[in-house]
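Visitor: This is the structure I want to talk about, given as structure tokens.
The values are calculated or read from the model by the stated rules, or taken from the named source; none is laboratory data. Since we're looking at a predicted model, the values are computed, not measured. Neighbour counts run over all protein chains shown; Cβ positions are idealised from the backbone, glycine included. Areas reflect the complete protein model, heavy atoms only, side chains present, ligands, DNA and RNA absent. Shrake-Rupley method; radii C 1.70, N 1.55, O 1.52, S 1.80 Å.
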Amino acid sequence: MKARTSWDVVCTVDDLVPESGVAVWTEDGPVAVFYLPHRLPALFAISHTDPFTGKNVLARGITGDLKGQPVVASPLYKQHFNLQSGQCLEDEEVAVKTYPVLLDGNNVRVEVPAANKESAAA
Amino acid sequence: MSKKTLIVIGNGMVGHHFLEQLVATPAAADFDIKVFGEEKLLAYDRVHLSEYFGGSTHADLAMGTADWYGENNIDLRLGEQVTAIDRAKQTITTPMGDYAYDELVLATGSYPFVPPIKGNEHPHCLVYRTLEDLDSIRASSEGAKTGVVVGGGLLGLEAANALKSLGLEAHVVEFAPRLMPVQLDADGGALLKRKIEELGVQVHTEKATTEIVEGEDARLRMNFSDDTHLETDLIVFSAGIRPQDALARSSELAMGERGGIVINDQCTTSDPHIHAIGECALWSEKIFGLVAPGYTMARTLASVLNGDREAAFSGADMSTKLKLLGVDVGSIGDAHATTPGARNIRFNDEQAGHYRRMVISEDGKKLLGAILVGDNSHYDTLLQYALNGIELPQQPETLILPESQGGAPTLGPDALPETASICSCHNVSKGDICGVIDAGCSDLGSVKAETKASTGCGGCAALLKNVVDSELEKRGVEVSKDICEHFPYSRQDLFNIVKVNGIRTFRTLIRDHGKGHGCDICKPAVASILATCWNEHILATDHVPLQDTNDTFMANMQKNGTYSIVPRIPGGEITPDKLIVLGEVAKEYDLYTKITGGQRVDLFGATLSQLPEIWEKLIAAGFETGHAYGKSLRTVKSCVGNTWCRYGVQDSVGMAITLENRYKGLRAPHKVKMAVSGCTRECAEAQSKDFGVIATENGWNLYVCGNGGMRPRHGDLFATDLSDEELIRTIDRVVMFYVRTADRLQRTSVWMENLEGGLDYLKQVVLEDSLGICEELEQHMADLVGTYQCEWKTAVEDPEKRKRFREFVNAPEKKDPVQEWTTERDQRRPLLEGEPA
Ligand SMILES: Cc1cc2nc3c(=O)[nH]c(=O)nc-3n(C[C@H](O)[C@H](O)[C@H](O)COP(=O)(O)OP(=O)(O)OC[C@H]3O[C@@H](n4cnc5c(N)ncnc54)[C@H](O)[C@@H]3O)c2cc1C
Ligand code: HEM
Ligand code: SF4
Ligand code: SF4
Ligand code: FES
């Protein structure tokens, strides 16, 4: 059975910062939303939590590209994460969770598992 | 098998090096080792003794640690002088008792020779050999105005520099007609004398002191044989060294006619169980007064004791390269042309103050020796020709002519044979370097770590770098200067591109001059360049995404994702009212509070969303941002200076505040630290800063490119006795030249080490305006100073900018769930990983 998900509105276009990230709170915990206006697609969403330290900081990293892949560098110890796949470039075994993200009018929506809400309710 | 006892007498440089070598061999396990040192301190680096007056401590100069001796089971007995050797019983005697030995090593060094002049026992007559001697000199300099050094050799001039650094008017009295008679000829000595006198040290040659009596205007008076006299408050004798061979003499070992313990090629004396190394040893009728030959003897003896029958000491090169009072002096091989048939080539530029002399063989093919005064840039090349017997070019004079007159470029590292000695302190040849590169070393740092090359006197650093670079290039390792994959340029190139093309945004720069979208290497570098060029607010939208998180949020991110706040406290001076505000704010937000190493207060543990509120309060109380997050000026540390201090000669706090307010906010390739001390005692530790200012009676001395931290470096004395205006103008120029030419994340110390031409070149650019850019540098600085704004003030006043400080943009009230806290010593701090709550 496909896990149930919902497309939650997390912020508006005005909240985004070009070439950078903002952090939002979702049912699945903290998520970092990046807006890279010179790319297609321009929006990316990955977990805000740095897997190396467990701290919520990734939205505050520097974005860019390495060998053509869009990346963010963790502001703590500077490892790079691919914004599309979540893969850490320095350590094959580490990846962060990624989320589908889209622009709906003025709203930014992120697809998060709905299961959390239900299990919490149950 | 029971262990044999090895006793080493003397814990100096060579004795210590011997132990380091010995414990690395299997033979170490065969011996119980005891070491006796007359000095109370563990072996220290005598070569850099003078740095003790520059602020270095015994710990800085120490060659090893007590722990090291413990770990290697060496019984170290300091402050215990050996008074006799009984060769028949194989024992030695100290005031504490007798000790038996199987093998005995004499590493007793030498002592300063004090000429038999009437009155030389006066308490203000001193010598220059040990740290204790330096303490005595320092004590004697209290209340003194002038100091005289007797002896114009290498050590004498160093002692004169030390007297000068203690604030004394320094004189040198030399018996011979010129300075450094051993190493220099008449022309070289005359030029050195002129240069040293220009630096304020008075030189009196051809003076024989007949007696020392009570002075009239000073403590002492020296009467000379030509009926003249000189008054002075203290005298340092530096009239040569004598081998410390008393023990050998009284136990009737074979001695040289003029002293010294005779040794053979295995460093063994006339008694097969007694060995001698270092300055006390006489090999082939020669005493070696330098450390490198002593080290070679130490290595030889360690091999001999390890059973190596081939090991032999075969003499040592006595060439020297020095900076005496800032003047380059070099002497190579047969400097005085004593070889039969030797010929000379001389180049003497009295205007520039450069003297060079080559001594070549009769057939004109080999370099036998050389003398250099005023400029040592030819030293490395000449030394390699002399040591390796490389055949000279057709017109050998090109080696010492200035390049504009057709002078030859320096000898490339390729021309050196494998056997060429690169570092004489640690006996590293070019072949050794190639060896470690082949074994995997791929940069200068690892070659240094592996071979120890250039970690002794440091004289070989430039040559070593050349050899390593050239060998790496040969092996196809690209020594790339590109900043990252997005720009095929160095930071300096990018700076010029931005400046020349008037580029104001990252996008334009990468579109026109790079490729891709940038990364965390090039973006902050370009942000810093843009800030230097145009000084726009760092939170201007175009710039935000370029910044490291510390810059973006204008605070330092700590390990748990919270921030620390460091308001500026110029010069470390703060009113009680402001201090109270800091305390109140810290209390309100429960911020962990600590005094920084830079004389200000760091408040830890603020969340992103608290930052603007906290700054609103701090700004209202008159604080500004401290830029502790930026690659920019941190603090200007100061001592309290002549306002309060009994010794102060200038207002160091006032100058520190002026400097801090002038350069605050300036963006640079890396952080920049400064300090100002109110007198030569240097309580603000200014010489460890990028820019260090030390007050003198007449103004300020400026030191540049020092560093603390991981790889400490003493600042280089750049200019002396500057007025307030001169000081600021000079710093303006150096800072701007650094900002424009340094590489990304290159501290001033490393910048200086990589600057072609080094200190002298920087002096030419800044003090003599050799590039004709000083006016532009000053104007640029004036523009930056004029457009300063406190970034936090601008940010808290702008609602758009404040929006950046929401932890979760859709949930303002949400607290970050992963920040967990505990209390320690009455303050809040984050829980460490794995620590129970
Ligand atoms: C100011 C200064 C600058 C120098 N600059 C340079 C330079 O630039 N380049 C260079 O190559 N060299 C330089 N030298 C020389 C260099 O320091 C010496 O060559 C080196 O220290 C010799 O080492 P050593 O172990 O033989 O003697 P030392 O380092 O003198 O050690 C001998 C030790 O033995 C102890 N001792 C003596 N007798 C007894 C006893 N009976 N019982 C117990 N202990 C005893 C002494 O107290 C001393 O601690 C400089 C020296 C000085 C003073
Ligand atoms: C993660 C990077 C670093 C951070 C966040 C950091 C932060 C700080 C801060 C906040 C201060 C207080 C100075 C002030 O008042 O502004 C300080 C001081 C200092 N830091 Fe760092 N630092 C870092 C890396 C380093 C490194 C790598 C070195 C060594 C090379 C270093 C050497 C020093 C020294 C020597 C001082 C004392 C300054 C003085 O006495 O004037 N720091 N640092
Ligand atoms: S450096 Fe400053 S505090 Fe130290 S003695 Fe000199 S004036 Fe006094
Ligand atoms: S010395 Fe190390 S632990 Fe201490 S502040 Fe600097 S970087 Fe952090
Ligand atoms: S020659 Fe002294 S460190 Fe290399």
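Visitor: Taking a threshold of 21 Å on the Cα-Cα distance, which of the pairs A:Lys55/B:Lys631; B:Lys559/B:Lys594; A:Lys67/B:Lys801; B:Lys523/B:Lys793; B:Lys448/B:Lys631; B:Lys193/B:Lys366 fall above it?
Guide: A:Lys55/B:Lys631; A:Lys67/B:Lys801; B:Lys523/B:Lys793; B:Lys448/B:Lys631; B:Lys193/B:Lys366
Visitor: Also, quick follow-up: What part of the accessible area of region A:5-113, given as a whole %, is carbon or sulfur when the probe is 1.4 angstrom?
Guide: Exposed carbon and sulfur together represent 50 percent of the surface.
Visitor: Let me ask another. Kindly express, to the nearest 10 degrees and within the range 0 to 90, the angle between helix B:491-501's C-alpha long axis and the longest C-alpha principal axis of chain B.
Guide: Here the helix axis deviates by roughly 50 degrees.
Visitor: If you roll a 1.4 Å probe over the heavy atoms of the protein chains, what accessible area per residue do you get for region B:697-837, in Å²?
Guide: Spelled out: the 1.4 Å probe surface of region B:697-837, per residue, equals 54 Å².
Visitor: Determine, for each peptide in B:782-795, B:352-365, B:551-564, the mean count of other beta carbons within 10 angstrom over its residues, then list the peptides with the highest first.
Guide: Ranked from most to least packed, the peptides come out as B:551-564, B:352-365, B:782-795.
Visitor: Given Cβ point charges of +1 (Lys, Arg) and -1 (Asp, Glu) and nothing else, what value in debye, to the nearest 20, does the dipole of chain B about its Cα centre take?
Guide: 1600 debye
Visitor: A follow-up question, please. Total accessible area buried between chains B and A, 1.4 Å probe, in Å² to the nearest 100?
Guide: 2900 Å²
Visitor: Restricting to Cα pairs below 8 Å that are 6+ residues apart, what does the relative contact order work out to for chain B? Please round to a whole percent.
Guide: About 7 percent, as a whole number.
Visitor: Could the peptides A:26-33, B:573-580 be put in order, highest first, of the mean number of other beta-carbon atoms found within 10 Å of their residues?
Guide: Highest to lowest by the protection proxy: A:26-33, B:573-580.
Visitor: Please give the length that would be gained between B:Arg309 and B:Asp102 if that part of the chain were fully extended, namely 0.36 nm times their separation in residues minus their C-alpha to C-alpha distance (nm, one decimal).
Guide: Length gained, B:Arg309 through B:Asp102: 72.6 nm.
Visitor: If we count every other residue with Cβ under 12 angstrom of B:Pro570's Cβ, Lys/Arg +1 and Asp/Glu -1, where does the sum land?
Guide: Local charge sum for B:Pro570: +4.
Visitor: Also, quick follow-up: Could you tell me how many degrees, from 0 to 90 and to the nearest 10, lie between the Cα long axis of helix B:610-620 and the main elongation axis, the longest principal axis, of the Cα atoms of chain B?
Guide: 80 degrees
Visitor: For the Cα atoms of chain B, what angle does the longest principal axis make with the long axis of helix B:131-141, in degrees from 0 to 90, nearest 10?
Guide: Approximately 70 degrees, to the nearest ten.
Visitor: Here's something else I'd like to know. Going by a 1.4 Å probe on protein heavy atoms, which residues of region A:22-37 end up with at least 40 Å² less accessible surface in the whole assembly than in their chain alone?
Guide: Buried-area filter returns A:Ala23, A:Trp25.
Visitor: Got a sec? Charge dipole of the protein assembly as shown, +1 on Cβ for Lys and Arg, -1 for Asp and Glu; which of A:Gly54, A:Ser6, B:Ile92 is way out at the positive end?
Guide: Of the listed residues, the answer is A:Ser6.
Visitor: Would you mind working out the magnitude of the charge dipole of the protein assembly as shown relative to its Cα centre, with +1 at each Lys and Arg C-beta and -1 at each Asp and Glu C-beta, to the nearest 20 Debye?
Guide: 1660 debye
Visitor: Return one whole number: the accessible area per residue of region B:114-239 in Å², for a 1.4 Å probe.
Guide: Each residue of region B:114-239 exposes 43 Å² on average to a 1.4 Å probe.
Visitor: Under 20 Å from a point placed 7 Å out from the Cα of B:Glu813 along the Cα-to-Cβ direction: which residues of region B:580-619 have their backbone N that close?
Guide: Flagged as within label range: B:607-611, B:613.
Visitor: Let me ask another. Mean residue ellipticity at 222 nm from the helices of chain B, using -39,500 (n - 2.57) per DSSP H segment of n ≥ 4 over the full residue count, to the nearest 500 deg cm²/dmol?
Guide: Mean residue ellipticity, 222 nm, calculated: -8500 deg cm²/dmol.
Visitor: Which residues, if any, in region A:54-89 lose at least 50 square angstrom of accessible heavy-atom surface (probe 1.4 Å) when the other protein chains sit next to their chain rather than the chain being alone?
Guide: Buried on complex formation: A:Lys55, A:Asn56, A:Arg60, A:Ile62, A:Asp65.
Visitor: Where Lys and Arg each count +1 and Asp and Glu each count -1, what net charge lies around A:Val71 among other residues with Cβ under 10 Å from its Cβ?
Guide: Residues near A:Val71 contribute -1 overall.
Visitor: Sticking with this structure for a sec: Taking every residue in B:482-492, how many Cβ atoms of other protein chains lie within 10 Å of its Cβ, on average?
Guide: 1
Visitor: When you count, for each residue, the other Cβ atoms within 10 Å and take the mean per peptide, how do B:512-519, B:233-240 rank with the highest first?
Guide: Top to bottom by mean Cβ count within 10 Å: B:233-240, B:512-519.
Visitor: Quantify, in whole percent, the carbon and sulfur part of the accessible surface of region B:633-786 (1.4 Å probe; protein heavy atoms only).
Guide: So the carbon and sulfur contribution to the accessible surface is 47 percent.
Visitor: Right, another one. How long is the gain from B:Lys3 to B:Glu584 if the chain were fully straight, where each residue apart is worth 0.36 nm and the alpha carbon distance is subtracted?
Guide: Computed gain between B:Lys3 and B:Glu584 is 202.4 nm.
Visitor: Right, something else. Carbon and sulfur: what percent of region B:152-234's accessible surface (1.4 Å probe)?
Guide: 47 percent
Visitor: Here is a further query. Please work out the average accessible area per residue across chain A, using the 1.4 Å probe convention, and give it in Å².
Guide: 46 Å²
Visitor: Averaged over A:12-21, how many beta carbons belonging to a partner chain fall within 10 Å of each residue's beta carbon?
Guide: Mean shielding by partner chains, rounded to a whole number: 4.
Visitor: Within a 10 angstrom radius of each residue's Cβ in B:805-817, how many Cβ atoms of other chains show up on average? Whole number is fine.
Guide: 6
Visitor: Return the percentage of antiparallel bridges among DSSP beta bridges fully within the protein assembly as shown, rounded to the nearest 5 %.
Guide: Within the protein assembly as shown, antiparallel bridges account for around 70 percent of the total.
Visitor: Between A:Ser6 and B:Glu833, what is the FRET efficiency for a Förster distance of 41 Å, r being their Cβ-Cβ separation, to the nearest 0.05?
Guide: The formula returns an efficiency of 0.75 here.
Visitor: Using +1 at the C-beta of Lys and Arg and -1 at the C-beta of Asp and Glu, which of B:Leu19, B:Val150, B:Pro812 has the Cα lying farthest in the positive direction of the dipole of the protein assembly as shown?
Guide: B:Pro812
Visitor: Which FRET efficiency, nearest 0.05, do B:Leu771 and B:Glu206 yield, Cβ-Cβ r, R0 60 Å?
Guide: In this case the efficiency is close to 0.90.
Visitor: Further question on the same structure: When the dipole is taken about the Cα centre of region B:690-733, and only Lys, Arg (+1) and Asp, Glu (-1) are charged at their Cβ, what size is it in debye, to the nearest 20?
Guide: Result for region B:690-733 is approximately 340 debye, rounded to the nearest 20.
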